[in-house]
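Here's the structure, in C-alpha cells; my notes come after.
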Amino acid sequence: MDLNDFLGPDPIVIDLKAENRWEAIDELIDQLVVHHKIKAEHRDAIGESVRKRETSMSTGIGMGIGIPHAATDLVAEVVGAIGRSRKGVQFDALDGKPVKLVMLFLVPQGQYQKHLHTLANLAKLLNKHDFRDGL
C-alpha cells in the first residue's frame, strides 16, 4: 500500500492550525468537502461518526501519529486526508505526546475487511520512519 492507494492521485495534505484532536478532525473533514470527496450536506453526520469513534478510544497511536477513522454509509469508497502540525496537536495519544501527523479516513459502512485492511496498512506505512519524515 502506498499513499495513492489511500488518498488517490490528488492527495489532500494540509498544515493543521488545530490545537486539539477535535479541531484537527474538523479541519480534515472540511478539506474532504472542499475537495469534493464528501458532500457538504454530509459534513456534520460524518463528523459525528468520527467523533463517536474517537470518543470510544483515542486513535492517537503514539510516535506523533493520529489515525481518526469511521465507517459510514455516506461514502462509496475509502476517502481520506492528511494533516501535519509543526507544533503538535493534543490528541490524548497513547504515549501522552502531541500528534504531528493526523491521517483521517472514512470507509463505507459494512465493509469491515476493507476498514481493517486500510487501518492495518496505514499503521504499517506510518511505522516507517522515512515515510513519516517524507510527509
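Structure data summary
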| read-out | value |
| --- | --- |
| Conditions (1) exposed (fewer than 13 other Cβ atoms within 10 Å of the Cβ); (2) touching a residue at least 12 places away in the same chain (Cβ under 8 Å): number failed by Gly64 | (1) |
| Single match in Ser58, Ser85 (criterion: touching a residue at least 24 places away in the same chain (Cβ under 8 Å), within 19 Å of Ile14 (Cβ to Cβ), among the polar types (S, T, N, Q) and in contact with an Asp or Glu (Cβ under 8 Å, 6 or more places away or on another chain)) | Ser85 |
| The range 37-50, residues that are more than 22 Å from Leu101 (Cα to Cα) and either touching a Gly at 6+ places or on another chain (Cβ under 9 Å) or free of Cβ contacts under 8 Å to residues at least 12 places away in the same chain (or both) | Ala40, Glu41, Asp44 |
| Which listed residue, of Arg53, Arg86, is modelled with pLDDT under 95 and in a helix (DSSP H, G or I) | Arg53 |
| Exclusive hit being touching a Gly at 6+ places or on another chain (Cβ under 9 Å) and of a type in the set (Gly, Ala, Ser), set Ala76, Ala81, Ala93 | Ala93 |
| Residue selected from the range 7-26 under the condition under 13 Å from the mean Cα position of the chain (by Cα) and of a type in the set (A, V, I, L, M), by the criterion surrounded by the most Cβ atoms within 10 Å (Cβ to Cβ) | Ile25 |
| Residues located in the range 78-92, provided they are in contact with a Pro (Cβ under 7 Å, 6 or more places away or on another chain) and surrounded by fewer than 20 Cβ atoms within 10 Å (Cβ to Cβ) | Gly88, Gln90 |
| Positions within the range 70-83 being within 13 Å of Ala24 (Cβ to Cβ) and modelled with pLDDT of 95 or more, in sequence order | none |
| Residues being surrounded by 15 or more Cβ atoms within 10 Å (Cβ to Cβ) and assigned to a helix (DSSP H, G or I) - total across the range 27-45 | 9 |
| Which numbered condition Thr72 misses (of (1) surrounded by fewer than 16 Cβ atoms within 10 Å (Cβ to Cβ); (2) of a type in the set (Ser, Thr, Tyr); (3) within 15 Å of the chain's Cα centre (by Cα)) | (1) |
| Qualifying residue in the range 107-117 (condition: in contact with a strand residue (DSSP E or B) (Cβ under 9 Å, 6 or more places away or on another chain) and at positive phi) | yes |
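The values are calculated or read from the model by the stated rules, or taken from the named source; none is laboratory data. Bear in mind the structure is a predicted one, so any value in this text is a computation, not a measurement. For neighbour counting, all protein chains shown are included, and Cβ atoms are generated from backbone atoms with ideal geometry for every residue, glycine included.
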